[in-house]
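All remarks here apply to the structure that follows.
The values are calculated or read from the model by the stated rules, or taken from the named source; none is laboratory data. Just so it is clear, the structure is predicted and the values come from calculations on it, not from any experiment. All Cβ positions, even for glycine, are placed from backbone atoms using ideal geometry, and neighbour counts span all protein chains on display. Just the protein is used for accessible areas: all its heavy atoms, side chains included, with ligands, DNA and RNA removed. Shrake-Rupley method; radii C 1.70, N 1.55, O 1.52, S 1.80 Å.
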Amino acid sequence: MKRLEGLDKLTGRELYIDDLPLEGHLWGMTVRCPIARGRVREIRFGEGTDWSQFVIVDHRDIPGPNELRLIETDMPVLVAEHARYCHEAVLLLAHPSRRQLRHAVREVQVLMDPEEPVFDFTCAPRPEQIQHGQDNVLERLRIVKGDVEAALAAAPHVIEGVYETGAQEHLYLENNGMVAWTEGDTVVVKGSLQCPYYVLNSLTWALERDDARVRVIQAPTGGGFGGKEDYPSLLALHAALLALKAGRPVKMIYDRDEDMAATPKRHPSWVRHRTGVDESGKLLAQDIEVILDGGAYVTLTPVVLSRAIIHAAGPYACDNVRIAGRAMLTNTVPYGAFRGFGAPQTQFANERHMDVIAHTLGIEPAELRRINLLRDGQSTSTGQVIEGGTDRQAILQTALESSEYDDRRTAHTAFNTSHPYLRRGIGLATFYHGAGFTGSGEVYLKSKVRVAGLPDGKIEVQTANTEIGQGAITVFTEIAAAHLGLPTNDVLVAEPDTHRVPNSGPTVASRTAMVVGRLVERACDDLRARLGVDSGTSDGELQRAIVEWHERGQGPLVGEALYEPPPGIVWDEKNYRGDAYGTFAWAAYVAEVEVDLRSYTARVTDFVAVQEIGRVLNPTLALGQIQGGVVQAIGWALTEECQLRDGAMANNQLTNYIIPTAADVPPVRVVFLENPYPYGARGCKGIGELPMDGPAPAVANAIAEALGIEPHAIPLTPPRLMELMTP
Amino acid sequence: MSDNQRIELRFQLNGESVQVRVHPSDRLLDLLRYDLGLPGTKEGCGEGECGACTVLMDGVPANSCLIPAYQVRGRTILTIESTELADVEPLLAAGTTQCGACTPGVVMTARWIRDHPELLERFGSRQLMAGNLCRCTGYDGIIDGLLALVGQDEEA
């Protein structure tokens, strides 16, 4: 089926938050902290402005606690006294004229007494830099399997390496935007967001209101990638505070420079590997230390660290694994959710390290992976026994064959010895991605889905999961239609509105199709059960039963489903042992690169992505997820660099934060090897994040081969490549 | 801003003549979106890098965020709102749109290329689309859509 809202998007009729008509509204903007850390001494309002025309909100206007409720409540909604990052929100202004508002924001001076900031997340902080607990550690987690020290001591080879990845900006094409207004006693916010109930949770807390008096609606959203997971909670509060004080609707639409400077990015990482191997390359011990830069507040960092360490050892069998992870506070924008959620960082390290091991031992990189890839019956670092019949060797083999891996390597060797300034290489990564929330996360979420039978015989799927470009509306429609045997145009998908749809959890973690889609199927079953219609009935019978229900005046007709974990899933949260995920998606990616030694520019010339994601629900949408993820990850690997100056992003514009264009990337060749997962909707697994994990190491491994170097950090920009190539 | 500081001008917009009064620093993008009620054209970066705000000015793609509104006097502007369904049906099947924020700009550039197929012989499809940034598709869906629109089978 074609994307349902696709024609509206292609003709410009889809109305995003800044496009929706809104009568008599004010514009809202933010006055921000000018330095990385300090105490607010004075806020000075310029004399040339008539401030009585402006609505001005500061922390004293917050009805409830000045806390953004996410996992913790350490982050303020507006700075009261101490600020912890440059561009932290201090004051809000609203005015009918956007032009005058822009001018006014520049007329407010926030005068600060500076305090000692911390920017290096790999060093222990000095006493005057401590801002969280005793040591600035935001979270510490550990996985232990077997006896690493003994295995390392006994191993014939111990190979070490340190790997680093930089921050990455989401660069959704639509900036953050939110509108707030009041309806009677209810505060309504509508905007560009991934998780309506996260926003609700933050609003009820800081506004001291119950769920009935706060309503959150998702507007069509121009991309998220995790960047609209936590931040909209803050922006919604800002818009709501202005609207409450103004008594009029307030619209806040960020400009690109503000969005890039003030909103979360991917966590920078530092990962050290010490790996014991035998002569054949078999992994005997993996000792891994993971440090993430968490930024200025806790936000989602503990959960990102969790996924990071669980994926850190890769899809390999090893009896002795120790992974120690910690996330550190620094005085930069809080790092947040970004497609992959920690797994791309640690799998970059692991897959780059696998090639270093292969080079050290003189083993082919593909052979090293063949030897160590998990087989059914073996267990991951948390002790999760892998079952399900996925042929990981076949995934690897398909990737090697589709990319003509061996022939190209031979050809590159000849090319590289003869060409004056071009060097070619091919690189491989094998990896996995756990779908859905980690560990007991899905159980805690208690996600709920409803499917309503409408008076005209159509059905409406009601979830809080949002269409953010990935195809949620289309996929939910297909799932419900297939499950009930209805034509797709008899299935509607409700607008995510917390006063209308149940809390089916956030739109994150590659969970929407697999976890929530399965709940849609079960809610369809419940609807059928309420009607007494079994699944074997003929076409039209279900819809006749729905119409008759309403004709008899029996009230609303709703099927419901509540999350239940797949049978046999056991997770020990305290010790990080057991089944971290219901299932994993598996992949092998191959990148071919060409490096121009005149400019130290690397470009990807071919890319093959082979994966098993359960059953493919919609081939066009699935293909788009993989291709888009691969290119986003190529950007992270080669060009995307957040240049921080005193903790603030200095290149917060598209002119010098470089994402790939169509001309920078080759076609991405995608192969799906299907293996239906019994507990995902129609047999699917999560797909959205997987393609972010593999490309960066595959590209870096290809560059390693092209140039005969061992790059340890991304992005591999021309300056970094020049440094690596210059003795 | 008093009225006498405004500039009055007339131009062709989506086949109709319109008369507007603009401030000297107004951008064409804002004129279209906020004054003329055509919100299909999107702002992505505000500095001419992303192409989300692409319109056709006298038949040629232009970033409307970089064009002072007063400069469109006497010109012909086509925005995404002038798009016919037939223009975009091949793009739908190809997966050209995901989140949709870059899409209006992509469609306007694709329409320009369709109307000037000789461009594809001189520059490749990827070069021609390089002025429209997309963060969702990885560009294959866009290139496939463009080629379907111009009736080419596959990427040269």
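Are there any strands (runs of 3 or more DSSP E) wholly within segment A:548-661 with 2 or more residues that are within 14 Å of another protein chain (Cβ to nearest Cβ) and within 23 Å of the chain's Cα centre (by Cα), and if so which? Show your work before the answer.
Details: elements: A:557-562, A:584-596, A:601-612.
In segment A:548-661, the matching strands (runs of 3 or more DSSP E) lie at A:584-596, A:601-612.
From the residues in segment A:411-438 that are more than 32 Å from the chain's Cα centre (by Cα) and either of a type in the set (A, V, I, L, M, F, W, C) or within 30 Å of residue A:677 (Cβ to Cβ) (or both), which one is surrounded by the fewest Cβ atoms within 10 Å (Cβ to Cβ)? So that I can check it myself, show each step before the final result.
Of the residues in segment A:411-438, the ones more than 32 Å from the chain's Cα centre (by Cα) are A:411-423.
Then keep just the ones that are either of a type in the set (A, V, I, L, M, F, W, C) or within 30 Å of residue A:677 (Cβ to Cβ) (or both); that gives A:411, A:414-415, A:422.
Numbers: A:411: 13, A:414: 10, A:415: 15, A:422: 14.
Residue satisfying both the conditions and the ranking: A:414.
In the same structural domain as residue A:365 (by TED's automatic domain parsing), in contact with a helix residue (DSSP H, G or I) (Cβ under 8 Å, 6 or more places away or on another chain) and open to solvent by less than 20 Å² (accessible area, probe 1.4 Å), is that true of residue A:481?
On the way: in the same structural domain as residue A:365 (by TED's automatic domain parsing): no; in contact with a helix residue (DSSP H, G or I) (Cβ under 8 Å, 6 or more places away or on another chain): yes; open to solvent by less than 20 Å² (accessible area, probe 1.4 Å): yes.
Here the answer is no, as residue A:481 does not meet what is asked.
List every residue pair whose Cβ atoms lie under 9 Å apart, where the two residues are 6 or more positions apart in sequence or sit on different chains, the first residue falls within segment B:109-128 and is over 10 Å from residue A:662 (Cβ atoms), and the second residue, located anywhere, is of a type in the set (D, E, K, R).
Going by the 9 Å Cβ cut-off, the qualifying pairs are B:110/B:87; B:111/B:87; B:114/B:87.
Would you check which residues across segment A:368-388 are outside any loop (DSSP other than H, G, I, E, B), open to solvent by 30 Å² or more (accessible area, probe 1.4 Å) and within 16 Å of residue A:430 (Cβ to Cβ) and list them?
A:370, A:371
Looking only at segment A:606-657, which residues are open to solvent by 30 Å² or more (accessible area, probe 1.4 Å) and over 22 Å from residue A:223 (Cβ atoms)?
Within segment A:606-657, A:615, A:643, A:644, A:645, A:646, A:650 qualify.
Regarding residue A:290, is this residue without any contact (Cβ under 8 Å) to a residue 40 or more places away in the chain, within 26 Å of residue A:119 (Cα to Cα), away from chain B (no Cβ under 14 Å) and in contact with a Leu (Cβ under 9 Å, 6 or more places away or on another chain)?
Values: without any contact (Cβ under 8 Å) to a residue 40 or more places away in the chain: no; within 26 Å of residue A:119 (Cα to Cα): yes; away from chain B (no Cβ under 14 Å): yes; in contact with a Leu (Cβ under 9 Å, 6 or more places away or on another chain): yes.
The answer is no for residue A:290.
Taking the condition of being acidic (Asp, Glu), within 12 Å of chain A (Cβ to nearest Cβ) and either assigned to a loop (DSSP other than H, G, I, E, B) or closer than 14 Å to residue A:664 by Cβ (or both), how many residues in segment B:112-156 meet it?
Taking segment B:112-156 first, the residues acidic (Asp, Glu) are B:115, B:118, B:121, B:140, B:144, B:153-155.
Then keep just the ones that are within 12 Å of chain A (Cβ to nearest Cβ); that gives B:140, B:144, B:154-155.
Next, only the ones that are either assigned to a loop (DSSP other than H, G, I, E, B) or closer than 14 Å to residue A:664 by Cβ (or both) stay: B:140, B:154-155.
Looking only at that region, the number is 3.
Quick one: what pairs do we get from segment A:350-363, first residue in the same structural domain as residue A:427 (by TED's automatic domain parsing), second open to solvent by 30 Å² or more (accessible area, probe 1.4 Å) and of a type in the set (D, E, K, R), C-beta under 6 Å, 6+ apart or different chains?
Cβ pairs passing all conditions: A:356/A:710.
Going by the structure shown, is residue A:681 more than 9 Å from every other protein chain (Cβ to nearest Cβ) and not hydroxyl-bearing (Ser, Thr, Tyr)?
Details: more than 9 Å from every other protein chain (Cβ to nearest Cβ): yes; not hydroxyl-bearing (Ser, Thr, Tyr): yes.
Spelling it out, residue A:681 is indeed more than 9 Å from every other protein chain (Cβ to nearest Cβ) and not hydroxyl-bearing (Ser, Thr, Tyr).
Residue B:81: within 9 Å of chain A (Cβ to nearest Cβ), acidic (Asp, Glu), in contact (Cβ under 8 Å) with a residue 12 or more places away in the chain and within 13 Å of residue B:132 (Cβ to Cβ), yes or no? Walk me through it before giving the result.
Numbers: within 9 Å of chain A (Cβ to nearest Cβ): yes; acidic (Asp, Glu): yes; in contact (Cβ under 8 Å) with a residue 12 or more places away in the chain: yes; within 13 Å of residue B:132 (Cβ to Cβ): no.
Here the answer is no, as residue B:81 does not meet what is asked.
Which is of a type in the set (S, T, N, Q), open to solvent by 20 Å² or more (accessible area, probe 1.4 Å), out of contact with any Phe, Trp or Tyr (no Cβ under 6 Å at 6 or more places or on another chain) and modelled with pLDDT under 95, of B:127, B:71, B:152?
Working: B:127 fails: modelled with pLDDT under 95; B:71 fails: modelled with pLDDT under 95.
Sole residue among the options that is of a type in the set (S, T, N, Q), open to solvent by 20 Å² or more (accessible area, probe 1.4 Å), out of contact with any Phe, Trp or Tyr (no Cβ under 6 Å at 6 or more places or on another chain) and modelled with pLDDT under 95: B:152.
Would you pick out the residues in segment A:192-202 that are of a type outside the set (S, T, N, Q) and in contact with a helix residue (DSSP H, G or I) (Cβ under 6 Å, 6 or more places away or on another chain)? Quick ask: steps written out before the conclusion?
In the first step, residues of segment A:192-202 are kept if they are of a type outside the set (S, T, N, Q); the result is A:193, A:195-200.
Listed by number, the residues that qualify are A:193, A:198, A:199.
Given the condition in a strand (DSSP E or B), modelled with pLDDT of 95 or more and open to solvent by less than 10 Å² (accessible area, probe 1.4 Å), answer yes or no: does some residue in segment A:225-248 qualify? Even if it seems obvious, please write down each step before you answer.
To start, the set of residues in segment A:225-248 that are in a strand (DSSP E or B) comprises none.
Looking for residues that are in a strand (DSSP E or B), modelled with pLDDT of 95 or more and open to solvent by less than 10 Å² (accessible area, probe 1.4 Å), one finds none in segment A:225-248, hence no.
For residue B:48, state whether it is assigned to a loop (DSSP other than H, G, I, E, B), more than 9 Å from chain A (Cβ to nearest Cβ), over 27 Å from residue A:622 (Cβ atoms) and not basic (Lys, Arg).
In short, no.
Can you name every residue in segment B:74-104 that is among the hydroxyl-bearing types (Ser, Thr, Tyr) and open to solvent by less than 50 Å² (accessible area, probe 1.4 Å)? Reasoning before the result, please.
Restricting attention to segment B:74-104, the residues satisfying the condition of being among the hydroxyl-bearing types (Ser, Thr, Tyr) are B:76, B:79, B:82-83, B:96-97, B:103.
Of everything in segment B:74-104, those that are among the hydroxyl-bearing types (Ser, Thr, Tyr) and open to solvent by less than 50 Å² (accessible area, probe 1.4 Å) turn out to be B:79, B:82, B:83, B:96, B:97, B:103.
Checking the conditions here, which among B:64, B:25 is at the interface with another protein chain (Cβ under 9 Å from one of its Cβ atoms) and either touching a Lys or Arg at 6+ places or on another chain (Cβ under 9 Å) or open to solvent by less than 20 Å² (accessible area, probe 1.4 Å) (or both)? Even if it seems obvious, please write down each step before you answer.
On the way: B:64 fails: at the interface with another protein chain (Cβ under 9 Å from one of its Cβ atoms).
Answer to the selection: B:25.
Each row is one residue, and each column tells you yes or no for (1) of a type outside the set (Val, Ile, Thr); (2) out of contact with any Cys (no Cβ under 7 Å at 6 or more places or on another chain); (3) surrounded by fewer than 19 Cβ atoms within 10 Å (Cβ to Cβ).
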position	(1), (2), (3)
A:93	yes, yes, no
A:102	yes, yes, yes
A:105	no, yes, yes
A:115	yes, yes, yes
A:125	yes, yes, no
A:131	yes, yes, no
A:135	yes, yes, yes
A:140	yes, yes, yes
A:146	yes, yes, yes
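Just to be sure I understand, how many residues within segment A:20-53 are surrounded by fewer than 21 Cβ atoms within 10 Å (Cβ to Cβ) and either within 14 Å of chain B (Cβ to nearest Cβ) or assigned to a loop (DSSP other than H, G, I, E, B) (or both)?
Selection size over segment A:20-53: 14.
Looking at this structure, is residue A:490 among the charged types (D, E, K, R), open to solvent by 10 Å² or more (accessible area, probe 1.4 Å) and either modelled with pLDDT of 95 or more or within 24 Å of the chain's Cα centre (by Cα) (or both)?
Numbers: among the charged types (D, E, K, R): yes; open to solvent by 10 Å² or more (accessible area, probe 1.4 Å): yes; either modelled with pLDDT of 95 or more or within 24 Å of the chain's Cα centre (by Cα) (or both): yes.
Yes: the conditions hold for residue A:490.
Since residue A:72 meets every condition but one in (1) out of contact with any strand residue (DSSP E or B) (no Cβ under 8 Å at 6 or more places or on another chain); (2) more than 14 Å from chain B (Cβ to nearest Cβ); (3) assigned to a helix (DSSP H, G or I), which condition does it not meet?
(3)
One line per residue, one yes/no per condition, for (1) modelled with pLDDT under 95; (2) open to solvent by 10 Å² or more (accessible area, probe 1.4 Å); (3) away from chain B (no Cβ under 14 Å):
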position: A:255; (1), (2), (3): no, yes, no
position: A:279; (1), (2), (3): no, yes, yes
position: A:294; (1), (2), (3): no, no, yes
position: A:308; (1), (2), (3): no, no, yes
position: A:313; (1), (2), (3): no, no, yes
